[in-house]
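Undergrad: Got a structure for you, written out below as structure tokens; questions coming shortly.
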Amino acid sequence: MADVPFVDLAAAHAEVAQEIRAGFDRVLDTTAFVQGPDVGAFEREYAAFSGAGHCVGVASGTDALELALRALGCGPGREVVLPANTFVATAEAVVRTGARPVLVDVDPDHLLLEPRLLLSAIGPRTAAIVPVHLYGQLPPMAAIAAHGIPVVEDAAQSQGASQDGRGLFGRLAATSFYPGKNLGAYGDAGAVLTDSADLARAVRLLGDHGSEVKYRHETLGFNSRLDTLQAVVLRAKLRHLADWNGRRRVAAARYAALLDGLPDVTLPAEAPGNTHVWHLYVIRVPRRDEVARTLAEMGIRTGIHYPVPIHLQPAFRDLGHAPGDFTVTETAATEILSLPMFPHITEEQQDHVATALRKAL
């Protein structure tokens, strides 16, 4: 059996290659390299797909989070609450606004933000809560929103996911189109979603040097615009996203059947009310690092999301945390293992993963 990649981007590209080449030729012929028509077209199409009133394309997912927070007025002297179990960019975006990240632990079953812990984290300086839709599903959004604090969703891993039939719950949502995402560009790209025309305008203004009219600048912004060539890629892929997410759900169900009853393996669970899009298929195993090395020796590529929690990263030592502060997150960081997951994964590849995992354990 050939090696199993963690993600197979080539298979997805093959489905859209002809359309993307035609789109690139169109952009090259018109030289519409910045803010070309494909950008606006993608923004409208992705807003419709997501059930949002507005979409603003930006340069990256990290920028999307920062711009969304800035549009809400986050800055020095303010605090933003977020889960300890997330990629560094969630906290990084908060710091870039000048605000302070306030971390809370996650629930042990889904490793998502635990709403019951928000009461101890919210204070007079809290400007926003950033729930992270980790691995492809949403935390309990109604319970999070019930605190009355503006919500900015980190939706980088949940393109197409929903909860109780809804895709957008917060004042804004930020997403990443990094190549490995369910909807991935061919480089860095991101977007902010919102139902508010005023917030959409604020995000667009901040991401284009604070300017709506050339050489007139209403506020201090910076340069974070969705590249036209990336918009071409995203438009082509968006037409396949519902199908690709469906294939991920089929693959997740098959993993669950193949790995059911395997001793010492905790399988991921879909929370009630969620439509999971399985950006990642994350199991929990003892001796995780040893298991990952053994799988690699058998040609199975895996990932760890994430091995070192934010509060234990040197870059965030100023937050003043120590080991033991977020026990669920810390325990998970030693056990989580992401198995190969992509829309075009074959049954043969999944069988190989399951057989190798049994041997590794």
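Undergrad: If you stretched the chain out fully between V95 and R216, how much longer would it get, using 0.36 nm times the residue separation minus the C-alpha to C-alpha distance? Don't jump to the answer; show the numbers that get you there.
TA: Values: separation 121, 0.36 × 121 = 43.56 nm, distance 2.81 nm.
Here the segment from V95 to R216 would lengthen by 40.8 nm.
Undergrad: Explain nothing, just the number: dipole magnitude of the chain about its Cα centre with +1 on each Lys and Arg Cβ and -1 on each Asp and Glu Cβ, in debye rounded to the nearest 20. Mind showing how you got there, number by number?
TA: Values: 32 positive and 41 negative charges, 96 e Å.
So the dipole magnitude of the chain works out to roughly 460 debye.
Undergrad: Express in Å², to the nearest 10, the accessible area of D195 obtained by rolling a 1.4 Å probe over the protein heavy atoms while all chains stay in place.
TA: D195 has an accessible surface of roughly 100 Å² with all protein chains in place.
Undergrad: Mind running the shape call on segment 83-173? Use the C-alpha gyration tensor, a ≥ b ≥ c as the square roots of the eigenvalues: rounded below 1.5 for a/c, prolate if a/b tops b/c, oblate otherwise.
TA: Working: a/c = 1.39, a/b = 1.28, b/c = 1.08.
Here segment 83-173 falls in the rounded category.
Undergrad: Going by a ≥ b ≥ c, the root eigenvalues of the Cα gyration tensor, does segment 142-249 fall in the rounded group (a/c under 1.5), the prolate group (a/b larger than b/c) or the oblate group?
TA: Numbers: a/c = 2.69, a/b = 1.20, b/c = 2.24.
Here segment 142-249 falls in the oblate category.
Undergrad: Let me ask you something else. Restricting to bridges with both residues inside the chain, how much of the DSSP beta-bridge set is antiparallel, in percent to the nearest 5? Don't skip to the answer; put the middle values down first.
TA: On the way: 23 of 37 bridges.
Given both bridge residues lie in the chain, the antiparallel proportion sits at roughly 60 percent.
Undergrad: Just subtract the alpha-carbon distance of N223 and D351 from 0.36 nm times their residue separation and send over the number in nm, one decimal. Could you put the intermediate results ahead of the total?
TA: Numbers: separation 128, 0.36 × 128 = 46.08 nm, distance 4.63 nm.
Extra length from N223 to D351 when fully extended: 41.5 nm.
Undergrad: Could you tell me the distance between the Cα centroids of segment 132-193 and segment 257-277, to the nearest Å?
TA: 21
Undergrad: While we're here: Express in Å², to the nearest 10, the accessible area of I336 obtained by rolling a 1.4 Å probe over the protein heavy atoms while all chains stay in place.
TA: Estimated to the nearest 10 Å², I336 gives 0 Å².
Undergrad: Counting only protein chains, not ligands or nucleic acids, how are D3, D8, D29 ordered by accessible area (probe 1.4 Å), most first?
TA: Working: D3 90, D8 50, D29 130 Å².
Order by accessible area, largest first: D29, D3, D8.
Undergrad: Still on this structure, please answer the following. Computed from the coordinates I sent, semi-axes √(5λ) of the Cα gyration tensor in Å equals one of (i) 32, 28, 17; (ii) 35, 22, 19; (iii) 32, 24, 20. Tell me the label.
TA: Working out semi-axes √(5λ) of the Cα gyration tensor in Å from the coordinates points to (i).
Undergrad: Right, something else. Where the centroid of each part is defined by its Cα atoms, how far is segment 1-67 from segment 334-352 in Å?
TA: 25
Undergrad: Taking the dipole about the Cα centre of segment 290-361, with the C-beta of Lys and Arg at +1 and of Asp and Glu at -1, give me whichever of T331, F342, L361 is farthest to the positive side.
TA: Ranked along the dipole, the leading option is L361.
Undergrad: While we're looking at this one, here's another question. Tell me, what % of the accessible area of segment 87-237 is carbon and sulfur with a 1.4 angstrom probe? Before the final figure, lay out each step's value.
TA: On the way: 3100 of 5980 Å².
C and S atoms contribute 52 percent here.
Undergrad: Could you order Y186, Y306, Y178, Y135 so the one with the most accessible surface comes first? Probe is 1.4 Å. Let's see the in-between values first.
TA: Working: Y186 90, Y306 40, Y178 130, Y135 15 Å².
I get Y178, Y186, Y306, Y135, largest accessible area first.
Undergrad: If you rank T266, T329, T275 by how much accessible surface each has, with a 1.4 Å probe, what is the order from largest down?
TA: Values: T266 80, T329 5, T275 55 Å².
Ranking T266, T329, T275 by accessible area, largest first, yields T266, T275, T329.
The values are calculated or read from the model by the stated rules, or taken from the named source; none is laboratory data. Note that the structure is a prediction, hence the values are computed from the model and not measured. Backbone-built Cβ (ideal geometry, glycine too); neighbour counts: all protein chains shown. Ligands, DNA and RNA are excluded from the accessible area calculation, which covers all protein heavy atoms including side chains. Shrake-Rupley method; radii C 1.70, N 1.55, O 1.52, S 1.80 Å.
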